[in-house]
Ligand code: G3H
């Protein structure tokens, strides 16, 4: 068990003496009273007072752009990030173990999350060359020579999600730092302890006040930060509802830059010309990796009526072969869910679909045990069911049969989400005809493959309620900075 009392604020490890949050692992263990979620530690429930102190530290470290960090050369900032990354790698075993215990991710996926984060950091550093190309560029127009630079934006409030608590948090935190911003960093409720082994490295590698961690109940501490008007960039990977509420609290919302990864209800379209083996294997991966708890997961599947029986049969068989078990078990595909209320929510979605005419196609689908939920393939799904629109963020695969390709296209047009879509078809003329109608609805069209964020150098964004701003290595560097110019008028005395 880890009992964390410290939080990092203004370059100091502060000791918290107040309320503590108890962390229950989704991994339930057998006790005399039956199965119980295992307690794995505690962390501080700080108040608005500590959050505002940390904000003051980040504001002071930025010092209206005159602070040590925003004025330091980007190469020196990178040295700090590299030093931090070395120390982070030293903590790999513990961080991986904590990812596994805190959010129930399999060992293999927890290791992948850690390694992907390190690769992301180095790729971002590498991508700076592209940004550097911007800053070393001179443009001469109408007798004026302009050097284009990239400058920081100010104080960033950075909040990551529970499903990628390390990786997705760092996809914003690292580029924000490299570009010279200072930050307040609030880890997700399920996924806080795993950052604890990194606090000392943050303290040692960055100047005072550049990185400040805040802990506690989001609704109790974040509103005051937003209302202060001192947050220049809000970055949140989470729900669009929360993002909208937070933005509204900012007194000058038009001056706030928001970089947001939000809700999604990604669809797959399996046409009459699809390779069903491929469509099934990609659907299993796309819908069920990390129990479907990915914003990029496939959350609704449209299958041409002529192929639906074959698709359902093969999909049910494939789902039936998946191993459900503890995160450390070899070959495990489905693991316990960290949100305690999630099994009841998923059951409600399934019951609602069944009450409205769907059936659970696969044997045992939807069965719940403690924090485990066995995946459910639902068919035939229709508009009257909650699962048609709601983002299940869990192991439910709703399937709809269609006769005309206009039907899934209509679904995407009407949807409030706009992240990605997958098309499965072996007919290149058919896929080509679908790209144009789809690419204006979502930000990524995948052909014969599942939806996903990576490779991480690809731009990652979404339309409508799915995102604001763009992430990925290069795009994130741009998102956390502003282009500025140094423009010099050329004249006889000033030719150089
Ligand atoms: O949950 C949202 C993540 O961005 C998904 O990332 O597609 O790499 O699993 P992924």
Exercise. If we keep just the residues of segment 257-286 that are in a loop (DSSP other than H, G, I, E, B) and under 20 Å from the mean Cα position of the chain (by Cα), which is nearest to residue 481 (Cα to Cα)?
Worked result: 262
Problem set entry | Tabulated pairs, segment 292-309, first touching a residue at least 12 places away in the same chain (Cβ under 8 Å) and within 30 Å of residue 260 (Cβ to Cβ), second assigned to a helix (DSSP H, G or I) and within 11 Å of the ligand (Cβ to nearest atom), C-beta under 6 angstrom, 6+ apart or interchain | 298/286
Exercise. Which of the residues that make up segment 292-309 are assigned to a strand (DSSP E or B) and within 11 Å of the ligand (Cβ to nearest atom)?
Worked result: 298
For this session: Quick one: count up the residues across segment 432-442 that are under 23 Å from residue 397 (Cβ atoms), in a loop (DSSP other than H, G, I, E, B) and either out of contact with any helix residue (DSSP H, G or I) (no Cβ under 7 Å at 6 or more places or on another chain) or away from the ligand (no atom under 16 Å from the Cβ) (or both).
Result: 1
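Residue-by-condition table, conditions (1) part of a helix (DSSP H, G or I); (2) in contact with a strand residue (DSSP E or B) (Cβ under 9 Å, 6 or more places away or on another chain); (3) more than 25 Å from residue 258 (Cβ to Cβ):
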position: 122; (1), (2), (3): yes, no, yes
position: 131; (1), (2), (3): yes, yes, no
position: 158; (1), (2), (3): no, yes, no
position: 169; (1), (2), (3): yes, yes, no
Exercise. Given the conditions (1) crowded, with 16+ Cβ neighbours inside 10 Å; (2) without any contact (Cβ under 8 Å) to a residue 12 or more places away in the chain, and given that residue 62 satisfies all but one, which numbered condition is not satisfied?
Worked result: (2)
Seminar exercise, completed: Filter segment 445-461 for residues that are more than 10 Å from the ligand (Cβ to nearest atom) and farther than 25 Å from residue 276 by Cβ; the one that is modelled with the lowest pLDDT is 457
Exercise. Which numbered condition trips up residue 388, out of (1) within 14 Å of the ligand (Cβ to nearest atom); (2) closer than 20 Å to residue 286 by Cα?
Worked result: (1)
For this session: Among residues belonging to segment 266-291 that are within 13 Å of the ligand (Cβ to nearest atom) and buried (at least 24 other Cβ atoms within 10 Å of the Cβ), point out the one that is farthest from residue 322 (Cα to Cα).
Result: 266
Exercise. When you scan segment 15-111 for helices (runs of 4 or more DSSP H) that lie fully inside it, which ones turn up with 1 or more residues that are under 14 Å from residue 190 (Cα atoms)?
Worked result: 92-103
Exercise. Of all residues in segment 202-218, which are part of a helix (DSSP H, G or I) and either free of Cβ contacts under 8 Å to residues at least 40 places away in the same chain or within 19 Å of the chain's Cα centre (by Cα) (or both)?
Worked result: 218
For this session: Run residue 115 past the list (1) within 16 Å of the ligand (Cβ to nearest atom); (2) closer than 16 Å to residue 169 by Cβ; (3) surrounded by 15 or more Cβ atoms within 10 Å (Cβ to Cβ) and report the number of the one that doesn't hold.
Result: (3)
Exercise. Got a sec? Which of 229, 216 is farther than 30 Å from residue 446 by Cα and at pLDDT below 95?
Worked result: 216
For this session: Please go through segment 219-239 and pick out each residue that is within 16 Å of the ligand (Cβ to nearest atom) and either touching a residue at least 40 places away in the same chain (Cβ under 8 Å) or over 27 Å from residue 419 (Cα atoms) (or both).
Result: 235, 236, 237, 238
For this session: Name, by its number, the condition in (1) assigned to a helix (DSSP H, G or I); (2) farther than 24 Å from residue 209 by Cα; (3) in contact with a helix residue (DSSP H, G or I) (Cβ under 6 Å, 6 or more places away or on another chain) that does not hold for residue 117.
Result: (2)
For this session: Search segment 133-161 for residues being touching a helix residue (DSSP H, G or I) at 6+ places or on another chain (Cβ under 6 Å) and within 16 Å of the ligand (Cβ to nearest atom), and hand back the single one that is farthest from residue 97 (Cα to Cα).
Result: 158
For this session: Spot the failing condition for residue 199; the list is (1) in contact with a helix residue (DSSP H, G or I) (Cβ under 9 Å, 6 or more places away or on another chain); (2) assigned to a helix (DSSP H, G or I), and only one is missed.
Result: (1)
For this session: May I ask you to list the residues in segment 329-353 that are over 26 Å from residue 385 (Cβ atoms) and out of contact with any strand residue (DSSP E or B) (no Cβ under 9 Å at 6 or more places or on another chain)?
Result: 329, 330, 331
Exercise. Does segment 139-154 contain any residue that is modelled with pLDDT under 95 and out of contact with any strand residue (DSSP E or B) (no Cβ under 8 Å at 6 or more places or on another chain)?
Worked result: yes
Exercise. Which one is farthest from residue 122 (Cα to Cα) among residues in segment 445-480 that are part of a strand (DSSP E or B) and under 16 Å from the mean Cα position of the chain (by Cα)?
Worked result: 463
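The values are calculated or read from the model by the stated rules, or taken from the named source; none is laboratory data. For clarity, every value in this text was computed on a predicted model and none was experimentally measured. A quick note on method: Cβ atoms are made from the backbone with ideal geometry, for glycine too, and the neighbour counts reach across all protein chains shown.
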